[in-house]
Amino acid sequence: MLFLNFTKLFMKNILIPLFSAVLLTSCASVNYSYEGKAFKNSLQSITQDDLKKNLYVIASDEMEGRNTGSAGQKKAGEYIIQQYREMGVSHPKPMSSYYQNVPAEFMNAKSRGKSLPDSENILAFIEGSEKPDEIIVISAHYDHVGTQNGVVYNGADDDGSGTVAVMEIAEAFQKAKKAGHGPKRSMLFLHVTGEEHGLLGSDYYSQNPVFPLANTVSNLNIDMIGRCDPENCGKDYVYVIGSAMLSTELKAINEAANNKTAKMLLNYKYDQPNDPQRLYYRSDHYNFAKHNIPVAFFFDGIHEDYHKPTDDADKIDYQALQKRTQLVFATAWELANRKDRIVVDGKNDR
Ligand SMILES: [Zn+2]
């Protein structure tokens, strides 16, 4: 007759697996919190030195003001791609390179009277570990207004600042991934072209998305975050626009991220339905919002060098640029790693 030792069996088959499961779940939740090492190490990898090094290249005379389709813009694009290669971040799998061609015919049909040459959006991608089909888009435009009468419009703030911020956020996520804490949802780093000619690159992407828009959870768009406007100079602030329009959760997540990290004044002045500047419609996030994708737009305001040849890298406030980049990263971190995808509970009713 077979003798069964119930105590041993209980330990082996029930207690030990139960204990391991509890241990595993608690580890996982600690690691993705704002207090966890993974987040903190990544946040700290966003440095003023990195932002400055990249911005002095992107906004150098060599890039000739990065007009859409120009040789200077293409050179800036090559530099951006080189940075992604160095950090080990590839393009989306369905694409054969980092480039999404934006045809001249598409752009010229939209911007009356212009004859722009072909240009490119640039896409870098980190696949999510648990929900790879759900996409968070971090965007900035890398074109600017070019060279006029021999004078280069370097566009350091507009939008060199957003361009280098997106690269730095990608690097921070990649660092977490290398440490075994990659984002649970997928991250698309989208450098769009043709913004200055009418949000053309983002419009093209939204009509030809690499991943279905229905699976696109949110777009955080950065356009000018390295300066201050006269109303706010000396204050630690950033304008946040549109974050409550389509999802009340997005606004709450952004505010919580700010409380945990940058602790800046979040200025909602331009976030009013009747705002005469109509900034909600004036950068690339709008091409996501119009498809009912929750967006937040990060912006420093209109300043004296806006669209002037004097928008240079030496006028950037690198501490402000770092803090604002860290805020966008912290918001993206929560959007990527939280259990549930954010809800869409608002309407585009402006
Ligand atoms: Zn501009």
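The values are calculated or read from the model by the stated rules, or taken from the named source; none is laboratory data. No experiment lies behind these values; they were computed from the predicted model shown. Cβ coordinates were reconstructed from backbone atoms using ideal geometry, including for glycine residues, and neighbour counts include every protein chain displayed.
Which strands (runs of 3 or more DSSP E) does segment 234-350 wholly contain that include 3 or more residues that are among the aliphatic types (A, V, I, L, M) and buried (at least 16 other Cβ atoms within 10 Å of the Cβ)? Steps first, answer last, please.
On the way: elements: 237-241, 265-267, 295-299.
Counting at least 3 such residues, we get 237-241.
Give the residue that is farthest from the ligand (Cβ to nearest atom), with candidates limited to residues of segment 294-349 that are small (Gly, Ala, Ser) and closer than 21 Å to residue 187 by Cβ.
Keep residues of segment 294-349 that are small (Gly, Ala, Ser), which gives 296, 301, 313, 320, 330, 332, 336, 346.
With closer than 21 Å to residue 187 by Cβ added as a condition, the list becomes 296, 330, 332, 336.
Numbers: 296: 19, 330: 26, 332: 23, 336: 28 Å.
The selected residue is 336.
Identify all residues within segment 200-233 that are more than 28 Å from residue 52 (Cβ to Cβ), within 16 Å of the ligand (Cβ to nearest atom) and either in a strand (DSSP E or B) or out of contact with any Leu (no Cβ under 9 Å at 6 or more places or on another chain) (or both); write none if there are none. Walk me through it before giving the result.
Taking segment 200-233 as the starting set, the residues that turn out to be more than 28 Å from residue 52 (Cβ to Cβ) are 200, 203-218.
After this cut, where a residue has to be within 16 Å of the ligand (Cβ to nearest atom) as well, the list is 200, 203.
The answer is 203, and nothing else.
Counting just the residues of segment 128-156 that are in contact with a Pro (Cβ under 8 Å, 6 or more places away or on another chain) and not in a strand (DSSP E or B), which one comes out farthest from the ligand (Cβ to nearest atom)?
129
Based on this model, can you work out whether residue 42 counts as in a helix (DSSP H, G or I), modelled with pLDDT under 55 and either more than 30 Å from residue 155 (Cα to Cα) or in the same structural domain as residue 164 (by TED's automatic domain parsing) (or both)?
Values: in a helix (DSSP H, G or I): yes; modelled with pLDDT under 55: no; either more than 30 Å from residue 155 (Cα to Cα) or in the same structural domain as residue 164 (by TED's automatic domain parsing) (or both): yes.
No, not satisfied.
How about segment 234-266: which of its residues are touching a Gly at 6+ places or on another chain (Cβ under 8 Å) and more than 16 Å from the ligand (Cβ to nearest atom)?
Applying the first criterion (touching a Gly at 6+ places or on another chain (Cβ under 8 Å)) to segment 234-266 yields 239, 244-248.
Scanning segment 234-266 gives 244, 245, 246, 247, 248.
Only one of these is on the phi < 0 side of the Ramachandran plot, among the basic types (Lys, Arg) and assigned to a helix (DSSP H, G or I): 93, 74, 114. Name it. Outline the logic, then answer.
On the way: 93 fails: assigned to a helix (DSSP H, G or I); 114 fails: assigned to a helix (DSSP H, G or I).
When all the criteria are applied, what remains is 74.
For segment 292-317, enumerate the residues that are touching a Leu at 6+ places or on another chain (Cβ under 6 Å) and more than 22 Å from residue 202 (Cα to Cα).
First, the residues of segment 292-317 that are touching a Leu at 6+ places or on another chain (Cβ under 6 Å): 294, 296, 313.
Listed by number, the list holds a single entry, 313.
Name the one entry in 119, 161, 139 that is among the polar types (S, T, N, Q), within 22 Å of residue 43 (Cβ to Cβ), surrounded by 21 or more Cβ atoms within 10 Å (Cβ to Cβ) and in contact with a Gly (Cβ under 6 Å, 6 or more places away or on another chain). Even if it seems obvious, please write down each step before you answer.
On the way: 119 fails: within 22 Å of residue 43 (Cβ to Cβ); 139 fails: in contact with a Gly (Cβ under 6 Å, 6 or more places away or on another chain).
When all the criteria are applied, what remains is 161.
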